[in-house]
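Step one of this worksheet: look at the structure below.
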């Protein structure tokens with residue numbers, strides 16, 4: 001049985017991949033692809049829970065989930081955007097677990113340019129409650145920030161797994177099948193099944209106006225002692241509802257600065 005691990009990276013449409021897998025879950029399982037329950041563990045907030053899922057000393061979740069799968073299942077898909085950034089010791093645990101359970105392993109990873117990650121990460125931060133400004137987020141985009149150090153983060157995985165198991169792709173539209181990350185993943189997964197997949201959904205994004213409104217909401221919320229969860233969620237739904245679109249973008253000067261800072265790192269093999 002084969003295991004496909006999608007290891008991120010954060011904010012590069014990985015929430016879209018999760019939606020794709022869940023929406024097409026029945027079709028995938030009918031055709032031999034099983035979606036691991038680990039997909040329900042969310043982002044950084046659930047990272048500790050996600051890592052404990054792989055801790056054999058605490059629980060034997062993996063064995064319980066995979067050894068009793070129907071005989072027609074030939075591939076298990078596991079995805080979490082924090083896979084690529086976990087400690088080396090945890091990667092070792094994951095490798096051991098996979099080797100015990102699967103005969104073949106494939107690791108997929110979509111990475112975006114640092115400037116794309118900088119802009120997309122801003123909306124993600126706002127949705128999580130941050131009140132950071134766009135300029136403050138831009139100032140964090142530097143080689144000293146590990147979030148933008150793709151090379152170092154992937155090297156941890158490459159240190160333990162053979163290079164041949166990796167399928168690393170750029171999330172830039174022109175490099176993707178039909179210029180879309182979800183379509184690219186779906187087509188690579190099974191070209192013959194591709195036409196039956198539902199890839200037309202769209203996770204809501206934030207335009208510049210929505211970013212400004214959500215940041216104001218976060219600032220106001222943080223200034224109050226009472227946590228009015230229901231009201232906050234309602235405002236977020238309103239903002240997300242009419243502010244779908246492209247968020248604030250980097251100015252040419254900013255893009256040049258990021259490209260200059262990461263030129264040496266991005267040219268590494």
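For segment 213-269, filtered to residues that are part of a loop (DSSP other than H, G, I, E, B), over 22 Å from residue 137 (Cα atoms) and in contact with a helix residue (DSSP H, G or I) (Cβ under 9 Å, 6 or more places away or on another chain), the residue that is modelled with the lowest pLDDT is 227.
Given the criteria touching a residue at least 12 places away in the same chain (Cβ under 8 Å), farther than 18 Å from residue 243 by Cβ, crowded, with 20+ Cβ neighbours inside 10 Å and in contact with a strand residue (DSSP E or B) (Cβ under 7 Å, 6 or more places away or on another chain), does residue 118 qualify? So that I can check it myself, show each step before the final result.
Values: touching a residue at least 12 places away in the same chain (Cβ under 8 Å): yes; farther than 18 Å from residue 243 by Cβ: yes; crowded, with 20+ Cβ neighbours inside 10 Å: yes; in contact with a strand residue (DSSP E or B) (Cβ under 7 Å, 6 or more places away or on another chain): no.
When the stated conditions are applied, residue 118 does not pass them.
Scanning segment 180-202 for residues that are loosely packed, with under 14 Cβ neighbours inside 10 Å and closer than 28 Å to residue 239 by Cβ, we see that the one that is modelled with the highest pLDDT is 198. Looking at residue 151, is it surrounded by 21 or more Cβ atoms within 10 Å (Cβ to Cβ) and in a helix (DSSP H, G or I)? Taking the combined requirement at face value, the residue does not satisfy it.
Name every residue in segment 164-193 that is part of a helix (DSSP H, G or I) and within 22 Å of residue 113 (Cβ to Cβ), in order of residue number. Give the derivation first.
Step one: list which residues in segment 164-193 are part of a helix (DSSP H, G or I), which gives 164-165, 173-175, 177-179, 181-189.
Selection gives 173, 174, 175, 177, 178, 179, 181, 182, 183, 184, 185, 188.
Only one entry in 138, 161 is assigned to a loop (DSSP other than H, G, I, E, B) and in contact (Cβ under 8 Å) with a residue 24 or more places away in the chain, namely 161.
The values are calculated or read from the model by the stated rules, or taken from the named source; none is laboratory data. Since the model is a prediction, treat every value here as computed from it, not as a measurement. Ideal geometry is used to build each Cβ from the backbone, glycine not excepted, and the neighbour counts take in all protein chains shown.
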